[in-house]
Amino acid sequence: MMESVLILGAKSDIGKALAREYARHGYDLILVARDAGIALKDFASDLRIRSHRSVILRDLDILSVEAHKDFYFSLGKRPAGVICVIGYMGDQTTASSDFREFKRITDTNYTAVACFLNVVANDFQRRSKGFIIGISSVAGDRGRKKNYIYGASKAALSAYLSGLRARLYPHGVHVMTVKPGFVKTRMTMAMQLPPLLTASPEDAARQIYEAQRKGKDIIYVKGRWRLVMGIIRLIPERIFKAYCNF
Amino acid sequence: MGESAPLIIKQKVRDFSAWGRYPRVDGKLVSPSHPKGLGYFLKSGDTFIPLGNRRSYGDSALAARMLDVRPCNCMLRFDTDKGLLHTQAGVLLSDILKTFVPRGWFLPVTPGTKYVTVGGAIASDVHGKNHHLDGCFSKWVREISIMLPGGQVVSCSRRKNHELFLATCGGQGLTGVILEARFYLKKIDSCLLDQVTVRTNNLQETFDAFEQYCNMPYSVAWIDGTAKGPKTGRGIFTAASFMNGGDYDYRPYGSMDIPVEFPPFFMNKALLTGFNFLYYHGARERVSYQQGIDIDTFFYPLDRIGKWNRLYGRRGFVQYHFILPKGQGFDGILEIMREIGKSGISPYLAVLKLYGMENENLLSFPMEGYGLALDFKIQKGLFHLLDRLDNIVVARGGRLYLTKDSRMNRKMVEKGYSGIWQFRRFRRSNDMDKMIQSLQSRRLGL
Ligand SMILES: Cc1cc2nc3c(=O)[nH]c(=O)nc-3n(C[C@H](O)[C@H](O)[C@H](O)COP(=O)(O)OP(=O)(O)OC[C@H]3O[C@@H](n4cnc5c(N)ncnc54)[C@H](O)[C@@H]3O)c2cc1C
Ligand SMILES: NC(=O)c1ccc[n+]([C@@H]2O[C@H](COP(=O)([O-])OP(=O)(O)OC[C@H]3O[C@@H](n4cnc5c(N)ncnc54)[C@H](OP(=O)(O)O)[C@@H]3O)[C@@H](O)[C@H]2O)c1
């Protein structure tokens, strides 16, 4: 039987590009999203035609954390890898005064995702194999005025993945953190993005696949973001708080 | 939370153009994440034009509001027995090739670039190097599903909503948004071709080559636009057919992009003459045979240089693509080449093709005869020259290809396309004319 990859948040442009990339390399797919059965029906047909791989669609709202375990163990075949693309930018202004929005950002990016990955991690550890990829963000590398609530939840995810990596390493399970800078997706389509720092979803997917094959720990998409964030992190807080208004 | 509403993203675009980079518009690009999102948009009542991959040359896909169909890019079903493929309209031909050539299938008809959408291929009713035998793209289309300006989705074919089918194939997006299509692929025995190349000394020899090799499925001639006098119409004729037996190991080329816009003086006469000279003399013997030419080399030579349109500089270019009935072909083309010669303006690329029978679509370009496509950099005196060429084309019963056009006038399109009156009536009686408009449809009153 072919190995399969489970993609959480498969409706996003990065999720779709990853699905195409992994199918192209011979993986079967389990695509998970809210109302995946309806929203991804055509996309699944397309994947099957292009790649002759099996594609299974499953509905899940990641915020229904109680359901994660049953959901995962009802999948039938257990995936060889799990990629979580789910994310929620939210509205920072609302979130600074409205707890529900704050909680939704934090839960979607961190709490609920981590809950799901706990289930996966336990399973992979038992089986001593598998890979887990979490899509975090450069926003988690340093809290910025414009999006620190989102950034904080991504920072939590990055820290979680880092610990999980150390825990699973001796068991032969590979955990990779992906930190995209700008990706031209539906989330960012209306924004003017700097071309040199912006990747297409297809570029991102290719880069993620390659890095996973090579067993990388943390990658930036595009790679030059590593340098950019390295510099941004070095700016002393005194200056950062006063002058860095991005 | 339930189902999220179908998403429509609106983006302001500036200096937006199609392949010829002329004309340019500022407008809004509207993209749906799902065909259903289009329905919401159409109900808003704003005028628009559907947009594919912008490989048309002129203004047929340009307007203040453009509806980007490319996100609808799923292949839905393939019937291996019949070779029938069902896709959404935003699927690129290049994706179809990548998927199906390795399984022994090819496009029944393909234009000279593979970066066009299925919707664009239908809306321009494109033709390829095999038109003389296999007709236009629409010939291979079994059914189209289309969203009318009111938002309702209907299907049309030769049997159902026939007039809508005739108006949509070649209709330049003016009847509605093509959402899906079912069309046939063609079986091939190999992904390689055998080719014959003939170097000709004048137009007569070029025409003779077309006649001599008219049973070869694919043929085309590049004409040396800079040759004058008795050498007028000399060029390189190529014809090819797929090999029998072989493999399907198709490896699409990557393309190299022209990274920047070139200064306007770049494509100048000296360069042009040099290029044409080298190309022409590149073929050493008069007739030569090549085996094992791959698909990308034969069908899509220009795709190897991505964004080559930037070579023409900021002002852009036009492709003057006309066709003349067979009896008028030879004299007509000579007359046109002479008229161009007199003007001192040279075409950069000239491609000649023998066409087969005309079809019944209201605005399809091909008719039985000879068609010539000439690329001109935008420059002083060009539009006057093209007006003079228009007169010659009309006088000889020919017409211009709408998907390449950015400047012809109403008289020209009315003389060239006898189906235009029915097309206009059809649009008016279905309220399409008020909702769907491109710069071209306004200029030409389509
Ligand atoms: C290098 C090159 C070589 C070419 N060679 C050939 C050739 O050999 N033969 C040939 O026939 N053509 C040729 N063309 C022209 C090209 O095939 C056509 O212009 C084609 O229509 C472009 O498709 P597109 O997806 O880019 O559409 P666009 O250029 O975006 O749009 C073209 C027209 O199609 C309409 N349209 C697009 N999508 C839809 C849809 N979903 N529903 C309704 N209407 C839609 C638009 O409104 C517009 O009127 C060539 C072009 C280039 C750049
Ligand atoms: N685009 C960028 O520039 C960029 C930069 C840095 C990081 N990222 C990260 O990359 C990932 C993908 O982003 P994107 O740009 O493709 O944006 P996106 O389209 O907004 O992707 C987010 C995905 O998360 C899903 N999701 C949100 N809440 C969910 C929930 N409760 N249950 C299940 N799924 C839920 C969304 O599903 P629905 O489709 O159902 O809404 C959507 O598919 C995100 O983690 C994002 O934070 C993106």
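The values are calculated or read from the model by the stated rules, or taken from the named source; none is laboratory data. The structure displayed is predicted, hence computed values, not measured ones. Cβ placement follows ideal geometry from the backbone for every residue including glycine, while neighbour counts extend to all protein chains displayed. Areas reflect the complete protein model, heavy atoms only, side chains present, ligands, DNA and RNA absent. Shrake-Rupley method; radii C 1.70, N 1.55, O 1.52, S 1.80 Å.
Counting only helices (runs of 4 or more DSSP H) that fall entirely inside segment B:45-159 and contain at least 1 residues that are surrounded by fewer than 21 Cβ atoms within 10 Å (Cβ to Cβ) and within 14 Å of chain A (Cβ to nearest Cβ), the qualifying elements are B:93-100.
For B:ASP189, the stated conditions do not hold, so it cannot be described as among the acidic types (Asp, Glu) and under 24 Å from B:GLY356 (Cα atoms). A single member of A:LEU193, A:LEU227 is modelled with pLDDT under 95, within 14 Å of chain B (Cβ to nearest Cβ) and away from ligand 1 (no atom under 16 Å from the Cβ), and it is A:LEU193. With respect to the conditions (1) closer than 27 Å to B:THR99 by Cβ; (2) in contact with a Lys or Arg (Cβ under 7 Å, 6 or more places away or on another chain); (3) outside any helix (DSSP H, G or I), A:PHE43 lacks only one, and its number is (3).
Tell me yes or no: at least one residue of segment A:1-19 is under 28 Å from B:LYS36 (Cβ atoms), more than 16 Å from ligand 2 (Cβ to nearest atom) and surrounded by fewer than 23 Cβ atoms within 10 Å (Cβ to Cβ). For segment A:1-19, residues under 28 Å from B:LYS36 (Cβ atoms), more than 16 Å from ligand 2 (Cβ to nearest atom) and surrounded by fewer than 23 Cβ atoms within 10 Å (Cβ to Cβ): absent. With respect to A:THR185, determine if the residue is surrounded by fewer than 20 Cβ atoms within 10 Å (Cβ to Cβ), within 14 Å of the chain's Cα centre (by Cα) and in a helix (DSSP H, G or I). Judged against the criteria, A:THR185 is not a match. As a summary of the residue check, B:SER31 satisfies the conditions (1) over 17 Å from B:GLY120 (Cβ atoms); (2) open to solvent by less than 40 Å² (accessible area, probe 1.4 Å); (3) not aliphatic (A, V, I, L, M) except for the one numbered (1). Within segment B:408-423, if we keep just the residues that are open to solvent by less than 40 Å² (accessible area, probe 1.4 Å) and touching a residue at least 40 places away in the same chain (Cβ under 8 Å), the residue that is nearest to B:ARG338 (Cα to Cα) turns out to be B:TYR417. Taking segment B:210-228 as the range and being assigned to a loop (DSSP other than H, G, I, E, B) and either open to solvent by less than 10 Å² (accessible area, probe 1.4 Å) or acidic (Asp, Glu) (or both) as the test, only B:ASP224 passes.
For A:THR198, the stated conditions hold: it is open to solvent by less than 80 Å² (accessible area, probe 1.4 Å), over 24 Å from A:ALA166 (Cβ atoms) and away from chain B (no Cβ under 14 Å). Of all residues in segment B:392-441, those satisfying the criterion of being in a loop (DSSP other than H, G, I, E, B) and of a type in the set (Ser, Thr, Tyr) are B:TYR401, B:SER406, B:TYR417, B:SER418, B:SER438.
If only residues of segment B:229-246 that are in a loop (DSSP other than H, G, I, E, B) and of a type outside the set (A, V, I, L, M) are counted, the one that is least open to solvent (accessible area, probe 1.4 Å) is B:GLY233. Against the conditions (1) open to solvent by 60 Å² or more (accessible area, probe 1.4 Å); (2) over 24 Å from A:LEU161 (Cα atoms); (3) away from chain B (no Cβ under 11 Å), A:ASP70 satisfies every one except (2).
Residue pairs whose Cβ atoms lie under 8 Å apart, sitting 6 or more positions apart in sequence or on different chains, and linking a residue in segment B:152-165 that is on the phi > 0 side of the Ramachandran plot to a partner that is open to solvent by less than 80 Å² (accessible area, probe 1.4 Å), are B:ASN161/B:VAL154; B:ASN161/B:SER155.
Let's see how each residue does on (1) within 14 Å of chain B (Cβ to nearest Cβ); (2) more than 16 Å from ligand 1 (Cβ to nearest atom); (3) assigned to a loop (DSSP other than H, G, I, E, B); (4) open to solvent by less than 30 Å² (accessible area, probe 1.4 Å):
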| site | (1), (2), (3), (4) |
| --- | --- |
| A:TYR88 | yes, yes, yes, no |
| A:THR94 | no, yes, no, no |
| A:THR106 | no, yes, no, no |
| A:TYR110 | no, yes, no, no |
| A:ALA114 | no, yes, no, yes |
| A:ASP123 | no, yes, no, yes |
| A:ARG126 | no, yes, no, no |
| A:GLY134 | no, yes, no, yes |
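The residues in segment A:164-182 that are open to solvent by less than 40 Å² (accessible area, probe 1.4 Å) and assigned to a helix (DSSP H, G or I) can be counted, and the count is 3. The set of residues in segment A:170-187 being more than 14 Å from ligand 2 (Cβ to nearest atom) and either farther than 22 Å from A:GLN207 by Cβ or within 14 Å of another protein chain (Cβ to nearest Cβ) (or both) consists of A:PRO170, A:HIS171, A:GLY172.
Taking (1) assigned to a loop (DSSP other than H, G, I, E, B); (2) surrounded by 18 or more Cβ atoms within 10 Å (Cβ to Cβ) in turn, B:GLU360 satisfies each apart from (2). Any idea which residue in segment B:108-128 is nearest to ligand 2 (Cβ to nearest atom), counting only those that are of a type outside the set (Val, Ile, Thr) and in contact with a Lys or Arg (Cβ under 7 Å, 6 or more places away or on another chain)? Looking at the filtered set, the residue picked out is B:TYR115. Give the residue, chosen from A:LEU31, A:LEU75, A:LEU47, that is more than 10 Å from ligand 2 (Cβ to nearest atom), among the aliphatic types (A, V, I, L, M) and at pLDDT below 95. Residue meeting the stated conditions: A:LEU75.
Taking every residue in segment A:23-48 that is more than 10 Å from every other protein chain (Cβ to nearest Cβ) and pairing it with any residue that is of a type in the set (Phe, Trp, Tyr), at least 6 positions away or on another chain, the pairs with Cβ-Cβ distances below 8 Å are A:HIS25/A:TYR209; A:LEU29/A:TYR22; A:LEU31/A:PHE43.
Determine whether segment A:150-157 contains at least one residue that is surrounded by fewer than 20 Cβ atoms within 10 Å (Cβ to Cβ) and touching a residue at least 24 places away in the same chain (Cβ under 8 Å). Among the residues of segment A:150-157, at least one is surrounded by fewer than 20 Cβ atoms within 10 Å (Cβ to Cβ) and touching a residue at least 24 places away in the same chain (Cβ under 8 Å), which makes the answer yes.
Selection of segment B:165-209 for residues being of a type in the set (Val, Ile, Thr) and in a loop (DSSP other than H, G, I, E, B) yields B:THR175, B:ILE188. Hey, any hits in segment B:294-301 for a residue that's within 21 Å of B:MET408 (Cα to Cα), at pLDDT 95 or above and either touching a Pro at 6+ places or on another chain (Cβ under 9 Å) or not in a helix (DSSP H, G or I) (or both)? The answer is no; no qualifying residue exists. Regarding segment A:53-66, can at least one residue be identified that is more than 16 Å from ligand 1 (Cβ to nearest atom), open to solvent by 60 Å² or more (accessible area, probe 1.4 Å), assigned to a helix (DSSP H, G or I) and away from chain B (no Cβ under 11 Å)? Yes, segment A:53-66 has at least one match.
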